[in-house]
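Take a look at the structure set out below.
The values are calculated or read from the model by the stated rules, or taken from the named source; none is laboratory data. Remember, predicted model here, so these are calculated numbers, not experimental data. Please note: Cβ atoms are built from the backbone with ideal geometry, for glycine as well, and neighbour counts cover all protein chains shown. For the accessible areas, the whole protein counts, side chains as well, though only heavy atoms, and no ligand, DNA or RNA atoms are used. Shrake-Rupley method; radii C 1.70, N 1.55, O 1.52, S 1.80 Å.
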Amino acid sequence: VSLGFVQNLQIDDSGVVSIDLCLTTPACPIKDLFVQQCQDIINGLEFTRGAQVTLTAQQNEAPTAAPLGMSQIGAVIAVSSCKGGVGKSTTAVNLAFALEGMGAKVGIFDADVYGPSLPTMVAVEDDNVRFVGRQIAPLKRGGVSLMSFGYVNEGSAVMRGPMVTQLLDQFLSLTNWGPLDYLILDMPPGTGDIQLTLSQRLNITAAVIVTTPQELSFVDVERGVEMFDTVNVPCIAVVENMAYIEKSANVEVDYETLRDKFLQVLKERDDIADEAAADVVNSLIDTVQENVQNAGKGEMEEIRIFGQGHKRRLSEQWGIEHTFSVPLVSTIAKNGDSGTPFILDNPSSPQADTYKELAKTVARETSKVLFSKTSRPNLSYLSEAHVIQVDGMDQGTLAPAELRRECRCAACVEELTGKQILNPESIPESIRPMSMSPTGNYAVSVDWSDGHKSLYPYRQIRSMLASKTNDEVLDGNMEKEKETVGSAVTMLN
């Protein structure tokens, strides 16, 4: 109620209470839980005889500088990668249809005019391009609106960068998207002028980075996060494609060969007839087959052919906690070529569940970006006191040397084991920050006087402040205990 979610409260003569529950997004991942909680609370009151809860959603206002056709779009989600071939378009398409399945109005804009993927990945219901006044009506697949250069011009574009920027600007202005909760922007690969122009022109709400587990791809993730940070776009999730291949843990047995070996051994014995030997062998084969099936039933082995990935580094260095691993599965590739998104053909598969979890994260984090009133901690260095002051929701001070010793970058902490490489004693107490600046919505970058550069998630800084507070309380309690004991000894003397 205090957050403004509960609206239009009414009670009829029979005691039935009706309310509108206004959520931040129609794709709210816990909307069913909210409805159940409201019903439980209302039905628990003595004077009520029932509860009717109607779900609505807040109307997100597009920025005033938004292109004409995007004036009714609530949030723009960029799906980006810094190199091609990592499954970015596959992720964008399945994310869009997952959000649509959660009740949101969704559109996809394929911004890669050099190699448009959307016409291949999503077969539309009617491929005739129509106009609404002077604007282009987006094509449709189910409830998802679609637009790509490939729909209006066969093949890819052959043109210079400035022309591409103008073309995309025209597409965005002339496409009549109508009211959408989310526009999924399938960005062209890279971090150049086209990507920066799109980020600035479209007022992107948040970004999802797509990568693969290799070390080279992690470098690209860093570049992507830094690019979006320059235009104040928070990166809310990372998708690690081709993370592993799944292999059945069942033992493969050549039962015909095993049967022949058993028969050969039994026939060498004169006291066993051929018919009896065959019966024994059949019984043995059945037993072996049953045991093998039971031993590996439902188990799948993950084989990480491209390495272990970088979830820990993403969390510890950049504060990006929402990372998703999608295995290398042939059906995902086949669906990408067939024109039907994987999540539509395989809605109950584990991989579809991953895309659904990604959609829930995008809905939740986007609402935080749009509606959250919480501010990021503000860090400043007080040179006279030689401390780092933390202001905002979390307040306190940290010693510069203490913060420097907690750096979790690859040069300070071993990635696979988490073992600290940095020797804490090598950091002098006199070390100081030369500059401190936010990186996205989740971390702060610090340039140190020893030439090192560190990234600290706000979560880590909050944890350090809480630990320091607990230590101070514990020290205070110990001092009180000492005073109490001292007073008691004095009285006894």
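Assorted remarks:
- Considered as a group, the residues in the range 345-373 that are among the small types (Gly, Ala, Ser) and within 19 Å of Gly74 (Cα to Cα) include one that is most open to solvent (accessible area, probe 1.4 Å), and that residue is Ser372.
- Scanning the range 104-128 for residues that are open to solvent by 50 Å² or more (accessible area, probe 1.4 Å) and touching a residue at least 24 places away in the same chain (Cβ under 8 Å) turns up Lys105, Tyr114, Thr120, Asp127.
- Which listed residue is open to solvent by 30 Å² or more (accessible area, probe 1.4 Å), at pLDDT 80 or above and in contact with a Ser or Thr (Cβ under 9 Å, 6 or more places away or on another chain), from Ile42, Ile19, Ile11: Ile11
- Of all residues making up the range 46-100, the number that are part of a strand (DSSP E or B), surrounded by fewer than 14 Cβ atoms within 10 Å (Cβ to Cβ) and either basic (Lys, Arg) or at pLDDT below 75 (or both): 0
- In the range 204-230, the residues that are touching a residue at least 12 places away in the same chain (Cβ under 8 Å) and over 30 Å from Ile245 (Cβ atoms) reach residues that are open to solvent by less than 40 Å² (accessible area, probe 1.4 Å) and in a helix (DSSP H, G or I) with C-beta atoms within less than 7 angstrom, at least six apart or across chains, in these pairs: Thr205/Thr366; Ala206/Glu365; Ala206/Thr366; Met227/Gln195; Phe228/Ser199.
- Taking the conditions (1) hydrophobic (A, V, I, L, M, F, W, C); (2) farther than 30 Å from Val413 by Cβ; (3) surrounded by 15 or more Cβ atoms within 10 Å (Cβ to Cβ); (4) at pLDDT 75 or above in turn, Val292 satisfies each one other than (4).
- Selection within the range 309-331: residues that are of a type in the set (A, V, I, L, M) and open to solvent by less than 20 Å² (accessible area, probe 1.4 Å). The member of this set that is nearest to Ser217 (Cα to Cα) is Leu314.
- Any chance Val369 is assigned to a strand (DSSP E or B) and in contact (Cβ under 8 Å) with a residue 40 or more places away in the chain: no
- Residue tally, condition hydroxyl-bearing (Ser, Thr, Tyr) and closer than 19 Å to Val144 by Cβ, over the range 337-353: 2
- Every residue from the range 310-358 that is of a type in the set (Asp, Glu) and either touching a Cys at 6+ places or on another chain (Cβ under 8 Å) or farther than 30 Å from Gln420 by Cα (or both): Asp337, Asp345, Asp353, Glu357
- Test: residue in the range 441-462 that is modelled with pLDDT under 90, among the small types (Gly, Ala, Ser), open to solvent by less than 60 Å² (accessible area, probe 1.4 Å) and in a loop (DSSP other than H, G, I, E, B): no
- Cβ-Cβ under 7 Å pairs, at least 6 apart or on other chains, the range 75-87 side among the basic types (Lys, Arg), far side buried (at least 22 other Cβ atoms within 10 Å of the Cβ) and at pLDDT 90 or above: none
- Test result for Leu139, modelled with pLDDT under 90, in contact with a Phe, Trp or Tyr (Cβ under 8 Å, 6 or more places away or on another chain) and farther than 30 Å from Phe218 by Cβ: no
- Condition broken by Glu425, with the remaining ones in (1) out of contact with any Lys or Arg (no Cβ under 8 Å at 6 or more places or on another chain); (2) within 15 Å of Leu379 (Cβ to Cβ) satisfied: (2)
- Enumeration of residues in the range 306-337 that are of a type in the set (Phe, Trp, Tyr), more than 15 Å from the chain's Cα centre (by Cα) and part of a helix (DSSP H, G or I): none
- Between Met147, Met159, the distinction of being in contact with a Leu (Cβ under 8 Å, 6 or more places away or on another chain), on the phi < 0 side of the Ramachandran plot and modelled with pLDDT of 80 or more belongs to Met147 only.
- Ile194 being modelled with pLDDT of 75 or more, touching a Leu at 6+ places or on another chain (Cβ under 9 Å), open to solvent by 10 Å² or more (accessible area, probe 1.4 Å) and not basic (Lys, Arg): no
- Test for Ala278: is it touching a strand residue (DSSP E or B) at 6+ places or on another chain (Cβ under 6 Å), among the aliphatic types (A, V, I, L, M) and open to solvent by less than 60 Å² (accessible area, probe 1.4 Å): no
Yes or no, residue by residue, for (1) open to solvent by less than 10 Å² (accessible area, probe 1.4 Å); (2) without any contact (Cβ under 8 Å) to a residue 60 or more places away in the chain; (3) among the polar types (S, T, N, Q):
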position	(1), (2), (3)
Gln170	no, yes, yes
Ile184	yes, no, no
Met187	yes, no, no
Ile236	yes, no, no
Lys247	no, yes, no
